[in-house]
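K.L.:
Sharing a structure, written as structure tokens. Questions coming.
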Amino acid sequence: MQGLPGNRRRIYLMRHAQVSYFDASGNPYDPRSVPLTPAGRDQARAAAEMLGGVPFDLALCSGLARTVETARIVLGERTLPLAEEHRLKEVRAGRLREIPPEHQEREIAYAYETAHDPDGAFIRGEAWRDLATRVHAAWNDLLARDDWRTALVVAHDGVNRVLLTHVIGADIAAIKAFEQDPACVNIIEVDLNAGRLERAFLRAVNIAPYNLTRHDQPLMVMEKIYRDYRARG
């Protein structure tokens, strides 16, 4: 790759690869420790192959097991240390079993539809405004660092949506429009001048190296999570 212009930096923002959030009885696993599925590891390896020639000089993840595992697969034999940025942890949901069955599809499958509400929250859990506050703070601190030009950041569906809407200058309500498939890659570029952000833009969004056309993938991420929950409940 030709060198980036002198004041330009590039962030390869990924969502972690596939995990299973529910056991055979429909009970949710502890989201802090769920590992990748075998299919998820294949997805991460496909991303690693696509990004094999990228000269990362910074690697961050949220610290949750699924982002750590994804990032380590993508980094491969690189000796670059993997740092954890806990403000990039996934948005926290409430207790699914407390949602009446007649409301579950609307509140789980279409959870991001509530982001326009100033008092809205993700599945009766973390408030959208609180998610945005912590994610934006992590983003600002990343841009303030002067020790990288090309970064790998592995985070989560909701977190990535917040970052993508922030980059284009949209309100958080726009997160419902940014699908983030497992192990997807987004490419964000920023121009900085003396530490000040001059511009930010999206070069690519939601690339799934293992299935570029999505020909057999009609469901959105949250629709699939809802169906998995209902099928096992």
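K.L.:
Look at ASN211 and say whether it is among the polar types (S, T, N, Q) and closer than 17 Å to GLY40 by Cα.
P.N.:
On the way: among the polar types (S, T, N, Q): yes; closer than 17 Å to GLY40 by Cα: yes.
Judged against the criteria, ASN211 is a match.
K.L.:
Let me ask something else about it. When only residues in region 204-233 that are among the basic types (Lys, Arg) and surrounded by 14 or more Cβ atoms within 10 Å (Cβ to Cβ) count, which is modelled with the lowest pLDDT?
P.N.:
Top of the filtered list is ARG232.
K.L.:
Search region 2-17 for residues that are open to solvent by 30 Å² or more (accessible area, probe 1.4 Å) and pair each with any residue that is among the hydrophobic types (A, V, I, L, M, F, W, C) when their beta-carbon atoms are under 6 Å apart and the residues are at least 6 apart or on different chains.
P.N.:
ASN7/LEU192; ARG9/VAL190
K.L.:
Being farther than 25 Å from GLN43 by Cβ, surrounded by 16 or more Cβ atoms within 10 Å (Cβ to Cβ) and either touching a Ser or Thr at 6+ places or on another chain (Cβ under 6 Å) or in contact (Cβ under 8 Å) with a residue 40 or more places away in the chain (or both) is the requirement here; does ALA115 meet it?
P.N.:
Answer is yes for this residue.
K.L.:
What are the pairs with Cβ atoms under 6 angstrom where one residue, in region 85-99, is closer than 12 Å to ALA132 by Cα and the other, located anywhere, is of a type in the set (Ser, Thr, Tyr) and surrounded by 17 or more Cβ atoms within 10 Å (Cβ to Cβ)? Sequence gap at least six, or different chains.
P.N.:
Close Cβ pairs satisfying both conditions: LEU88/SER62; LYS89/SER62.
K.L.:
Would you tally the residues in region 97-132 being small (Gly, Ala, Ser) and under 16 Å from TYR229 (Cβ atoms)?
P.N.:
3
K.L.:
Report, ordered by the first and then the second residue, all pairs with beta carbons closer than 9 Å, sequence separation of six or more or different chains, a first member in region 133-150 that is open to solvent by less than 80 Å² (accessible area, probe 1.4 Å), and a second member that is of a type in the set (Phe, Trp, Tyr).
P.N.:
If the second residue must be of a type in the set (Phe, Trp, Tyr), the pairs left are LEU142/TRP148; TRP148/PHE56; THR150/TYR12; THR150/PHE56.
K.L.:
Please count how many residues of region 118-132 are open to solvent by 20 Å² or more (accessible area, probe 1.4 Å), in contact with a helix residue (DSSP H, G or I) (Cβ under 8 Å, 6 or more places away or on another chain) and either modelled with pLDDT of 95 or more or under 20 Å from LYS89 (Cβ atoms) (or both).
P.N.:
3
K.L.:
Let me ask something else. Test each condition in (1) assigned to a loop (DSSP other than H, G, I, E, B); (2) under 26 Å from MET222 (Cβ atoms) for GLU69 and report the one that comes out false.
P.N.:
(1)
K.L.:
Determine which single condition GLY53 fails, assuming it passes every other condition in (1) part of a helix (DSSP H, G or I); (2) open to solvent by 10 Å² or more (accessible area, probe 1.4 Å); (3) of a type outside the set (Phe, Trp, Tyr).
P.N.:
Against the list (1) part of a helix (DSSP H, G or I); (2) open to solvent by 10 Å² or more (accessible area, probe 1.4 Å); (3) of a type outside the set (Phe, Trp, Tyr), GLY53 comes up short only on (1).
K.L.:
Keeping to region 22-50, report how many residues are closer than 15 Å to ASP181 by Cα and part of a loop (DSSP other than H, G, I, E, B).
P.N.:
Residues in region 22-50 being closer than 15 Å to ASP181 by Cα and part of a loop (DSSP other than H, G, I, E, B): 1 in total.
K.L.:
Here's another thing I want to ask about it. Restricting the search to region 165-178, which residues are without any contact (Cβ under 8 Å) to a residue 60 or more places away in the chain and either within 14 Å of ALA115 (Cβ to Cβ) or open to solvent by less than 10 Å² (accessible area, probe 1.4 Å) (or both)?
P.N.:
Listed by number, the residues that qualify are THR165, HIS166, ALA170, ASP171, ILE172, ALA173, ALA174, ALA177, PHE178.
The values are calculated or read from the model by the stated rules, or taken from the named source; none is laboratory data. The model shown is predicted, which means the values in this text are computed figures rather than measured ones. Heads up, the Cβs are rebuilt from the backbone with ideal geometry, glycines too, and the neighbour counts pull from every protein chain shown. Ligands, DNA and RNA are excluded from the accessible area calculation, which covers all protein heavy atoms including side chains. Shrake-Rupley method; radii C 1.70, N 1.55, O 1.52, S 1.80 Å.
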